[in-house]
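Notes follow once the structure below has been shown.
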Amino acid sequence: MTRKRRTKSSEMTVRSLATSVQRNDMSRQSEDADNFGTSYDNIILATPYSISSLSTFVEQSNTLPQCIEAMVTNTTRFGFHVTPISEGVTMDKKEKELLESYIASPNTEESLMSVQSAVVEDYERYGFGFYEVIRNARGQPSLLKQAKAFNIRLMRRSGNPISITVDVARGGTRNKVTELKKFRKYIQIIGATKVYFKEFGDPRDMDYRTGKYASKDTPVAKEDKATEILHYRQYSEDSYGLPRWISQLPSILGSRESEEVNLRYFEDNTVPPMILSVSGGRLTRQSFEDLNRLLKAKGLGKDRQNQILLIEAIPETTGLDDKGTTRIQVDKLTSERPSDGLFKEYDDSNINKIRSSFRLPPVVIGMSQDINFATAQVSMYV
C-alpha cells in the first residue's frame, strides 16, 4: 500500500511505503512522462542527438524497428541460467538459489528477461540504457529495474575522488583492490519534479530530492536515500553513447522521403491517364463547364477514377459553304505512368546499408525472399 505525502516544495510528490518500518529497497523513479526539460543549469550533459528525434526516426523507418527487435530477441529473449565463472567449480546450493531468484524476479513486477529486453531496446534505439539498482537496509542489491533512457540525463563529474575497494579475480581467487574514482550523478526531470540518482558503486549516501551527499551535520534519512544508476552504453567519445545506426541517418531519412513521394503519387494520381484534345472546333459551353467541374471537384486518386463525361464540340467555320470538321482526340498516357513505386533500387540499397550497421542477415528481419533452410542456417551462424 502506498500513500502520497507533500514535501516543503509543493511541486514535488514523494511516494513512501505505508508500513511501520521504513524500507530502503524502493524505486525512486518518478511516474512516466513524454518530455524532458532543457532549460536547466549546465552541469547536466546534453545528449549528442535529440532523444525525441531519434525516437521519431525509429518509428518512421521501414527497417530500424525490425533490426532493433532482432537485436533484442537475439541477446535477451533466450533467457538466463546460472553457471559457475570457472569450469569444474561446484556451485553453492544457496548461492545458486539466490541467483535463480533474481533471474525469476529482479523486481516485484518483471523477470530478468523483461528488464534486460527493455534496457537493450533503449540501448539499440538511443545508444545507451539504464538500470536502477535498489539496495536493502544491509546495503546489498535487492531489486533491479529499467530506468527509461528517455527521461534520464547525466551530470558532470564533480568533487574529489572517492576511495573504494573492489574485488578483482586473479589466478582463480578474488583479491580486494583499493582505487580512487570520481562518481557522477544522474537526474530525472519530469515537469517540475527532479529526482537524483547516484552512480552504481558510489558508497556515499545522497538525498534523491536534492542531489546533496550526506555529511556529519546533514545526514540523509532512510526514506530519502537515492538509488543507483548503472549506465549501459555503446562505445563512443560521447559520455552517453551513440546508436550503432547513426551513421546511416541519411539512408533512413532518404527511405522515408522516397516512401512519402510514392504515397503522394498514388494518392494524388499525379500523371493523368489521358489527354483530351479538340481540333477544328471548340467545346460547347455545357461541355466546357462539365469538364471544368470534374477537374476541380474534390477527391483525389481512386475517388476520381472511372467517371464518365459526355463531350460535345462545335466546328469552327470560315463561311456559309465551309461546314468545318471537328475532331476530338483522346491520347492515353498509360505508358508514362510508372507501373511500380519510384526509387525501389534506392530504397533497397538503403535497407541493406541500415541492416549492415547491425550486421544482421536478411532472414532475421523478415526478408525471406530467395532464402531456403540451408542458406538461412549459414546466415544465422556464420
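Whole-Hz Karplus ³J(HN,Hα) for the stretch 132-144, in order, using 6.51 cos²θ - 1.76 cosθ + 1.60 and θ = phi - 60°, x for Gly and Pro?
Once θ is set to phi - 60°, the couplings for the stretch 132-144 become 9, 9, 10, 9, 8, 5, 8, x, 9, x, 10, 9, 9 Hz.
For an R0 of 51 angstrom, estimate the FRET efficiency from the Cβ-Cβ distance between residue 168 and residue 62 and round to the nearest 0.05.
The value I calculate is 0.65.
Report, to two decimal places, the Cα Rg of the stretch 164-247 normalised by 2.2 N^0.38 Å (N = number of residues).
1.41
Fully extended, how many nm does the chain gain between residue 104 and residue 352 (0.36 nm per residue separation, minus their Cα-Cα distance)?
Taking 0.36 nm per residue and subtracting the Cα distance, the gain is 85.5 nm.
Would you please give the residues with an amide H less than 5 Å from that of residue 142, counting only those at least 5 places away or on a separate chain, with H modeled from the backbone geometry?
Close amide H contacts, sequence-distant or interchain: 134, 135, 136.
With each pseudo-label sitting 7 Å past Cα toward Cβ, what's the residue 74-residue 214 distance in nm, one decimal?
According to this spin-label approximation, the distance is 4.6 nm.
If you add up the charges near residue 328, with Lys and Arg at +1 and Asp and Glu at -1, over every other residue whose beta carbon is less than 13 angstrom from its beta carbon, what do you get?
The answer is 0.
Near the amide H of residue 284, under 5 Å away, which other amide H atoms are found, from residues 5 or more places off or on another chain, if H is placed in the peptide plane?
312, 313, 314
Could you derive backbone 3J(HN,Hα) for the stretch 241-248 from the dihedral phi with the Karplus parameters 6.51, -1.76 and 1.60 (θ = phi - 60°), listing whole Hz in sequence and x where the residue is Gly or Pro?
Each residue's phi maps through the Karplus curve to give x, 10, x, 5, 8, 5, 5, 9 Hz.
If packing is taken as the mean number of other Cβ atoms within 10 Å per residue, what is the order of 119-130, 181-192, highest first?
Top of the packing list down: 119-130, 181-192.
Here is the link list: 185/353; 181/222; 181/212; 96/182. Which ones come out longer than 28 Å on Cα distance?
185/353; 96/182, as the Cα separations exceed 28 Å there.
We did not get these values from a lab; they are worked out from the coordinates using the rules stated. All of these numbers come straight from a predicted model, not from anything done at the bench. Backbone-built Cβ (ideal geometry, glycine too); neighbour counts: all protein chains shown.
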